[in-house]
Amino acid sequence: MDDYIGKKPTADTAQSCIAPGRCNKHRGKKPTVNTLPHLLDIPWPQWQSWCAQRGLPSYRAVQLRHWVFAGRAESFEQMSDLPKRLRHELSANFRLWSTRIVAHQRAEDGTEKLLLELADAQRIECVLLRDDRQHATVCISTQVGCAMRCVFCASGLEGVVRNLTTGEIIEQMLLLQRRLTAEERLSHVVVMGMGEPLANLDALLPALEVASSPHGLGISARRVTISTVGLPEGIRRLADADCQYHLAVSLHAPDDDLRNRLVPANRNIGIAAIMEAADYYFQRTGRRVTYEYVLLGGVNDRQQHARRLAQLLTGRPSLINLIPYNPVAGLEFRRPSPLGLRRFVEVLERAGLAVHVRRRKGAEIDAACGQLRRRLCDVPHTGSGKTGQAAARRD
Ligand code: SAH
């Protein structure tokens, strides 16, 4: 929320050195890598056969799964109704966790952000958002970095390093779930963290299947939102997978000229192809598509942009999610003025479109995409970001 700007976050992490491997003091020292298979990377049916091969009853696999998802176990040791020998065998052969929490921040509105270090010392972020009805949303990453290089986004400034595995995606949800109190319920998943989800669908789809399974996290598929820069092939694949997820397309501009400057990936795609794929998504799933639009003061927030956006979306079942820019250190974009924002909304509403303005949560904990990782990981500054606003204005 805006009221939190300027207030200090409470961090329960030692701030002295939380970036070993990146900071000068630790540079060159390799982190210890645990190479055992990650439990969460192994599809659940395979656990049944694993048990069968050892002459164990198949309910042992059910118990294991229950401990991981509902029992919130932190270690194999804690799985108290599994025989001791089995717990030892699991510990000796598998990792329950593949990541390490290197920073944890909590904002006054209850938003929590984790900076995770993966087994290969790469870092990603994930966020827990709370509402006032004891419901919580997890926001998860799908890649280390991002190849889309949207000029206002902290995640893509250094490009993409690699895709996350299915296990690494599930693990983010589990780590955040473990931060909930007994009264709170994990109700939504938004795939809006670092990375482009549709560029890593092979790992993401099985992870979301686990999230939405009653044997997994039990979150209804309709409460899972996948946010994409707009990769038409990925949108079609998702539509054909027939899984009822909510699709959000990050449009940010009503025409290719402006979008090419804000979202460089658009140069090889074009808005027309994205809209065609999004229409297909609606036809196949019956689910209204959300169009996200980050408002950058003086860049894409004028009434003429709103009018063109209205033209583009009129006749399409849609929701427009306006996101006032969340400042990123080193980038010179600014938030829209309150009056500019109001007028933008008015134009869209007069055209009969459904509009939502995103409330700002966790502002003081760098809750926007990739910000915490940048601040704490000493990622080199390319310099391109500094001129972001100028580049976006250029014709
Ligand atoms: N690659 C996906 C997920 C990105 S993050 C996508 O493009 O949709 C989810 C949303 O946050 C995107 O709409 C993204 O453009 C937006 N975003 C990124 N940085 C932001 C910032 N600094 N302020 C506001 N929104 C931002």
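The values are calculated or read from the model by the stated rules, or taken from the named source; none is laboratory data. Being a predicted model, the structure only gives us computed values, none of them experimental. Methodologically, a virtual Cβ is constructed for each residue, glycine included, from the backbone with ideal geometry; neighbour enumeration extends over all protein chains shown.
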Restricting the search to region 80-101, which residues are assigned to a loop (DSSP other than H, G, I, E, B), hydrophobic (A, V, I, L, M, F, W, C) and more than 26 Å from C126 (Cα to Cα)? L82
The condition from (1) of a type in the set (A, V, I, L, M, F, W, C); (2) surrounded by 23 or more Cβ atoms within 10 Å (Cβ to Cβ); (3) within 16 Å of the ligand (Cβ to nearest atom); (4) within 14 Å of the chain's Cα centre (by Cα) that I170 misses is numbered (3)
Answer yes if at least one residue in region 158-180 is touching a residue at least 40 places away in the same chain (Cβ under 8 Å) and closer than 20 Å to N266 by Cα, and no otherwise. yes
Out of all the residues in region 34-50, which are free of Cβ contacts under 8 Å to residues at least 40 places away in the same chain and within 16 Å of M79 (Cα to Cα)? W47
Just to verify a result, which residue in region 298-308, among those that are polar (S, T, N, Q) and away from the ligand (no atom under 16 Å from the Cβ), is surrounded by the most Cβ atoms within 10 Å (Cβ to Cβ)? Q303
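Which one is surrounded by the fewest Cβ atoms within 10 Å (Cβ to Cβ) among residues in region 250-277 that are among the hydrophobic types (A, V, I, L, M, F, W, C) and more than 15 Å from the ligand (Cβ to nearest atom)? Working first, answer last.
Looking only at region 250-277, we keep the residues that are among the hydrophobic types (A, V, I, L, M, F, W, C), and these are 251, 253, 258, 262-263, 265, 269, 271-275, 277.
The next check asks that each one be more than 15 Å from the ligand (Cβ to nearest atom); those that pass are 272-273, 275.
Numbers: A272: 11, A273: 16, M275: 20.
The qualifying residue surrounded by the fewest Cβ atoms within 10 Å (Cβ to Cβ) is A272.
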Test: residue in region 123-131 that is under 30 Å from G297 (Cβ atoms) and assigned to a loop (DSSP other than H, G, I, E, B): yes
Residues of region 313-362 being within 13 Å of the ligand (Cβ to nearest atom) and among the hydroxyl-bearing types (S, T, Y), which ones? Y325
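Kindly evaluate P206 against the criterion of being in the same structural domain as Q304 (by TED's automatic domain parsing), more than 25 Å from W67 (Cα to Cα), surrounded by 16 or more Cβ atoms within 10 Å (Cβ to Cβ) and touching a Ser or Thr at 6+ places or on another chain (Cβ under 9 Å).
Working: in the same structural domain as Q304 (by TED's automatic domain parsing): yes; more than 25 Å from W67 (Cα to Cα): no; surrounded by 16 or more Cβ atoms within 10 Å (Cβ to Cβ): yes; touching a Ser or Thr at 6+ places or on another chain (Cβ under 9 Å): yes.
In short, no.
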Unique residue being surrounded by fewer than 23 Cβ atoms within 10 Å (Cβ to Cβ), part of a strand (DSSP E or B) and among the small types (G, A, S) when the list is A136, A199, A147, A182: A136
Exclusive hit being within 16 Å of the ligand (Cβ to nearest atom) and more than 16 Å from R123 (Cα to Cα), set I140, I219, I235: I235
Tell me which residues, restricted to region 297-332, are assigned to a loop (DSSP other than H, G, I, E, B) and out of contact with any strand residue (DSSP E or B) (no Cβ under 9 Å at 6 or more places or on another chain). G298, V299, R302, T314, G315, P327, V328, A329, G330, L331, E332
So the check is Cβ under 8 Å with 6+ separation or different chains; which pairs have a first residue in region 264-291 that's of a type in the set (D, E) and a second one that's modelled with pLDDT of 95 or more and not in a helix (DSSP H, G or I)? D279/R316
With the checklist (1) surrounded by fewer than 20 Cβ atoms within 10 Å (Cβ to Cβ); (2) in a helix (DSSP H, G or I) in hand, flag the one item P214 doesn't pass. (2)
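Select from region 219-247 the residues that are part of a strand (DSSP E or B) and of a type in the set (S, T, Y) and write down the one among them that is farthest from V263 (Cα to Cα). Please lay out each step first, then the result.
First pass over region 219-247, keeping only residues part of a strand (DSSP E or B): 224-228, 246-247.
So of that shortlist, the ones also of a type in the set (S, T, Y) come out as 225, 227-228.
Values: T225: 21, S227: 14, T228: 12 Å.
The selected residue is T225.
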Being within 18 Å of P197 (Cβ to Cβ), within 14 Å of the ligand (Cβ to nearest atom) and not aromatic (F, W, Y) is the filter here; which residues of region 278-297 pass it? A278, V289, T290, E292, V294
Take Y291 and decide whether it is within 23 Å of the chain's Cα centre (by Cα), surrounded by 20 or more Cβ atoms within 10 Å (Cβ to Cβ), of a type in the set (S, T, Y) and in a strand (DSSP E or B). yes
Can you spot a residue in region 176-192 that is among the basic types (K, R), assigned by TED's automatic domain parsing to the domain that holds H135, away from the ligand (no atom under 16 Å from the Cβ) and under 30 Å from N300 (Cα atoms)? no
